[in-house]
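Okay, structure first, notes after.
The numbers here are math on the coordinates, done by the rules we state, and not lab data. In this text the structure is predicted, and so the values were computed from the model without any measurement. Counting neighbours? That spans all protein chains shown, and the Cβs are built from the backbone with ideal geometry, glycine included.
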Amino acid sequence: MKRALITGVTGQDGAYLSQLLLEKGYEVHGLLRRSASADVIDARLRWLGIASDVRLHDGNLTDLSSLLRVITEVRPDEVYNLGAQSFVKSSWHQPILTGQVTAIGAANMLEAVRLAAPGARFYQASSSEMYGLIQEPVQSETTPFYPRSPYAAAKLYAHWMTINYRESFGLHASSGILFNHESPLRGIEFVTRKITDGVARIKLGLSDKLALGNLDATRDWGHAKDYVRAMWLMLQQSTPDDYVVATGRTVAVRTFCRLAFECVDLDMEKHVVVDERFLRPAEVDVLLGDPSKAKRQLGWEPHIALEQLVDEMVAADLTRLKKLK
């Protein structure tokens, strides 16, 4: 039985990846940063019905000693570093924390693997936000990076450190440059979930307006369940490498919003208002990924279309909110 260690195990991607690995017969371990909200922190794992199947270990990406202890205890075959301060807007308010967790935290994980489990295969969750002010209309593995937020800059450091450890120490270390991926497990602070939760509240009469920021920003959106499958495929390859994971289709926030309102037969124009408080200090106007390398070398294809994703998210939020009424 293979053993996997996942940082960020209680997040959207960590939960879906845990589910996938359990289905494949893995023994799944997760790194858990203890907090006062420990009683609800595993909500996503419970939502998927797998909380009792994932073995959680106390540790923190900013504490190398804890990472060494956990890796020594678990002896993982595969390590997936998904943990980060991942909300882009918050990274302007907490740039130092973002650097410590998202950037240095990844370096700590790489160093812990090098010292305690050099034969383990390592996955780094890189981000399309690293492209920022895009240098090419469609972004591939060879497109130059231009980060536009502290979060993106931190992710870029982690990305290059992964490459450095691969080339310097021979680690089987791969990065997935994942474009936006969503699901019913997405955090409420992210725009897609904010939209579907807002739509559900309006439909149920709990609210009348939905305040958003830049409606014209466009993103390449996929489903998290498809994207965690790409993560796993990367670590099954004989040679480590970096891959863009995307759908190759980009739509505006406005379009995502319209699709969500159409799910409940409402007109978005009657309910959506633009609030400048939600605008970024430096906007990333458009992201569009080229997943041809992942398709060619990994045999990966996205299975869930955007329309299906939006419908699933709205339905899940309606179900959640009906229980609270």
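Brief remarks on what is shown
- Mean-position separation - Cα centroids, segment 113-159 and segment 49-75, in angstrom: 23 Å
- Sequence-distant residues sharing a close amide H with Leu178 (under 5 Å, placed H): Ser126, Ser127, Ser128, Val245
- Among the trypsin sites (Lys or Arg not before Pro) found in segment 7-67, those both in a DSSP coil and sparsely packed, with 16 or fewer other Cβ atoms within 10 Å of their Cβ, are Lys24, Arg34.
- Filter on Lys225/Lys295; Lys24/Lys295; Lys2/Lys293; Lys89/Lys155; Lys209/Lys270 - keep pairs with C-alpha separation over 18 Å: Lys24/Lys295; Lys2/Lys293
- Dipole moment magnitude, nearest 20 debye, segment 109-187 about Cα centre, only Lys, Arg, Asp, Glu C-beta charged: 180 debye
- Whether segment 1-119 is rounded, prolate or oblate, judged on the alpha carbon gyration tensor where a/c under 1.5 counts as rounded: oblate
- Cα centroid separation, segment 251-268 to segment 173-244 (Å): 16 Å
- Using just its DSSP H runs of length 4 or more, each adding -39500 (n - 2.57), the chain gives a mean residue ellipticity at 222 nm of -11500 deg cm²/dmol after division by all residues.
- Working ranking of peptides 232-245, 3-16 by packing, defined as the average number of other Cβ atoms within 10 Å per residue, highest first, is 3-16, 232-245.
- Note on the chain: GNM, Cα springs under 10 Å; of Ala103, Ala152, Ala120, the largest mean-square fluctuation is that of Ala120.
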